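Trainee: Below is one structure. I have some questions about it.
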Amino acid sequence: MDIEELPGVGAATAEKLREAGYKTVEAIAVAHPAELKEAAGLGEGTAIKVIAAARDSLQMGFMTGIEVLEKRKTMRKISTGSSALDGLLGGGIETQAITEFFGEFGSGKTQICHQLVVNVQLPEEEGGLGKNALYIDTENTFRPERVIQMAEAKGLKPEEALENIVVARAYNSDHQMLLVEKAEEVIREKGIGLVIVDSLTSHFRSDYTGRGMLSDRQQKLNRHMHALQRLSDIHNLAVVVTNQVMMRPDFFFGDPTAPIGGHVVAHASTFRVYLRKSKGGKRVARLIDSPNLPEGEAIFTVVKEGIKD
Ligand code: ATP
Ligand code: MG
């Protein structure tokens, strides 16, 4: 069904919606009225009506337990390369979910992202999805050379593996949000099964400094997380984001670090994994509040070939 066929959407409105990135009935159905208002210049009333019509046409809203189960059955998992880490995650990185890796510098966040953009390309029986990857790089740390090493270790042709990764450099937080909001087309065209945002929070942290801007920042971050959630849901893809930690000066016991982004990021991430460096180049991953998995730890290593046990 084309978006023109929705009651109340004429040619001009359809054009505006498309330009703003709402190209399908599905994309409109899961939008928030305020987003449509802002992005496509619709009046509040029109936005509400258009969204309701899109939802009706898709018969969204209520699902039975069985339907939820059916949808969960289409969920797939991507192997991280470490069976211990996969085990911690219940088999790998899930589609229809956001997985957040947070930890201090050098803890292996970017290395895991590189491994996943390779592994997603593997056939299902080898722990992949047989699909491609979109890498949103905010810190200029995407390294094709590293992908080549990891692809070779997995028996993929390095050039083909690189060809299957779409890299987008994000220059500031607004640009980063825009890249996600406009990702629909590239996801469809390139058969994307994994979206990486490395790092999720660095731009937000530097663009919104000071106490007075905190609520603005959290609001934007919230919208960004929702856009990512929506992509994972509509396209049955995995979203992986990385996050740094900050020191809590008021903290006296235990670990004095906390992930950036506070409740907004915590709430929107389905899986949160805390990474820390350990002895002998080892890394420890700890799973934190998952909806259906026990908390626990796994040990993995980063070597030339990539992520291993
Ligand atoms: P930041 O917060 O700074 O972005 P990060 O968590 O993303 O940090 P990574 O870049 O993933 O950190 O990890 C860097 C570490 O990965 C290096 O310090 C090194 O230990 C390891 N590493 C990187 N490349 C290789 C390689 N080719 N062979 C072995 N280990 C490597
Ligand atoms: Mg990094």
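Trainee: Mind listing P(r) for the range 81-149? All alpha-carbon pairs, 10 Å bins, whole percents.
Mentor: Final binned percentages: 17, 54, 28, 1.
Trainee: Would you compute, for the Cα atoms of the range 3-58, the largest minus smallest coordinate along each principal axis and list the three values in descending order, in whole Å?
Mentor: 23, 20, 17
Trainee: Let me ask something else about it. Would you mind getting the Kirkwood hydrodynamic radius of the chain from its Cα pairs, rounded to one decimal in Å?
Mentor: Details: mean 1/r = 0.0492 Å⁻¹.
After inverting the mean inverse Cα-Cα distance, the result is 20.3 Å.
Trainee: Give me the net charge of Gln218's neighbourhood, meaning all other residues with Cβ under 14 Å from the Cβ of Gln218; Lys, Arg count +1, Asp, Glu -1. Provide the component values of the computation, followed by the final result.
Mentor: On the way: positive: Arg205, Arg211, Arg217, Lys220, Arg223; negative: Asp207, Asp216.
So the surrounding residues net to +3.
Trainee: How much of the calculated P(r) for the range 1-125 lies past 20 Å, in percent of all Cα pairs?
Mentor: 59
Trainee: Grab the eigenvalues of the alpha-carbon gyration tensor for the range 66-191, scale each by 5, take roots, and send me the semi-axes largest first in whole angstrom.
Mentor: 22, 20, 16
Trainee: Next up: Distance from the Cα centre of the range 204-250 to that of the range 153-198, in angstrom?
Mentor: Spelled out, the Cα-based centre of one part sits 18 Å from the other.
Trainee: Compute the helix-to-body angle for 109-119: its Cα long axis versus the longest principal axis of the chain, expressed 0 to 90° and rounded to tens.
Mentor: So the inclination is approximately 70 degrees.
Trainee: Percent relative contact order of the range 198-309, based on C-alpha pairs within less than 8 angstrom and at least six residues apart?
Mentor: Relative contact order comes out at 17 percent.
Trainee: Along Cα→Cβ, 7 Å out, is where each label goes; now give me the distance between the ones at Ser57 and Glu163 in nm to one decimal.
Mentor: For Ser57 paired with Glu163, the spin-label model returns 3.6 nm.
Trainee: Most mobile of Pro291, Pro144, Pro158 per a Gaussian network model of the chain (Cα springs, under 10 Å)?
Mentor: Pro291
Trainee: Sorted by packing (mean other beta-carbon atoms within 10 Å per residue), highest first, where do 201-208, 160-167 land?
Mentor: Going from most to least packed, we get 201-208, 160-167.
Trainee: For the range 127-183, what is the per residue volume of the convex hull drawn over the alpha-carbon atoms, in cubic angstrom? Spell out each step's value before the answer.
Mentor: Numbers: hull volume 5.2 nm³, N = 57.
Once divided by residue count, the hull of the range 127-183 is 91 Å³.
Trainee: If I take every Cα pair under 8 Å that is 6 or more residues apart in the chain, average their sequence separation and divide by the length, what percent do I get for the relative contact order? Let's see the in-between values first.
Mentor: Values: 553 pairs, mean separation 65.7, N = 309.
Result for the chain is 21 percent.
Trainee: Same structure again: Which lysines have a Cα less than 21 Å from the Cα of Lys277, not counting those fewer than 8 places away in the same chain?
Mentor: The reachable lysines, counting only those whose Cα sits under 21 Å from Lys277, are Lys109, Lys304, Lys308.
Trainee: Given the options Arg72, Arg283, Arg169, which has the most mean-square fluctuation in a GNM of the chain, springs set between C-alpha atoms less than 10 angstrom apart?
Mentor: Checking each option, the largest mean-square fluctuation is seen for Arg72.
Trainee: Here's another thing I want to ask about it. Taking a cut-off of 17 Å between Cα atoms, list the aspartates and glutamates near Lys16, but don't count ones fewer than 8 places away on the same chain.
Mentor: Straight-line reach from Lys16, under 17 Å: Asp2, Glu4, Glu5, Glu26, Glu35, Glu38, Glu44, Glu181, Glu184, Glu185.
Each value in this text was obtained by applying a stated rule to the coordinates, not by laboratory testing. Only a predicted model underlies this, so the values are computations on that prediction, with no experimental measurement involved. Glycine also receives a Cβ, built like all others from the backbone with ideal geometry; neighbour counts cover every protein chain displayed.
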